[in-house]
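The values are calculated or read from the model by the stated rules, or taken from the named source; none is laboratory data. Quick caveat: nothing in here was measured; it's all calculated off a predicted structure. Glycine also receives a Cβ, built like all others from the backbone with ideal geometry; neighbour counts cover every protein chain displayed. Protein only, heavy atoms only, side chains kept; ligands, DNA and RNA dropped before computing areas. Shrake-Rupley method; radii C 1.70, N 1.55, O 1.52, S 1.80 Å.
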Amino acid sequence: MPVNDDVFAALANPARREVLGILLDGPRAAGEIAERFDMRRPSLSEHLRVLREAGLVREERQGRNRVYSLEAAPLQEVSDWLSPYEQYWRGKLADLRDLLDEEEL
């Protein structure tokens with residue numbers, strides 16, 4: 001299954017990747033996430049919206065707070081898509097290792 005372009009667009013931004021890293025430790029309120037960044041709240045809200053629309057985070061309202069949690073399924077799709085390229089480069093590196101081993105003899 002091809003990866004949704006929205007996922008790649010969301011992952012292209014370093015701040016959004018950092019948000020995903022923060023959420024690896026578990027759900028966080030928007031305020032807790034905001035404390036980790038040097039940006040205005042509306043900017044962070046926009047990043048969270050992009051992540052939510054890409055299906056990478058889930059938003060839940062708890063009273064006055066919005067709590068975000070990681071949705072990793074799209075990341076598995078990216079990993080699956082990248083797998084053939086990883087295998088390609090592993091093969092190239094193995095070939096290089098073999099060549100270098102031959103030269104040492």
- Task: Could you list, in sequence order, all residues of the range 55-95 that are under 30 Å from A29 (Cβ atoms), open to solvent by 50 Å² or more (accessible area, probe 1.4 Å) and not in a strand (DSSP E or B)?
- Result: G63, R64, E71, A72, A73, L75, Q76, E77, S79
- Give me a count of the residues in the range 1-43 that are part of a helix (DSSP H, G or I), open to solvent by 20 Å² or more (accessible area, probe 1.4 Å) and touching a residue at least 60 places away in the same chain (Cβ under 8 Å). 2
- Could you grab the pairs with beta carbons closer than 6 Å, sequence gap of 6+ or different chains, first residue in the range 80-105 and under 19 Å from V7 (Cα atoms), second one of a type outside the set (S, T, N, Q) and surrounded by 10 or more Cβ atoms within 10 Å (Cβ to Cβ)? W81/V3
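Results for (1) within 30 Å of P84 (Cα to Cα); (2) modelled with pLDDT under 95, shown as yes or no for each residue.
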site: P2; (1), (2): yes, yes
site: F8; (1), (2): yes, yes
site: R16; (1), (2): yes, no
site: L23; (1), (2): yes, no
site: R28; (1), (2): no, no
site: S43; (1), (2): no, yes
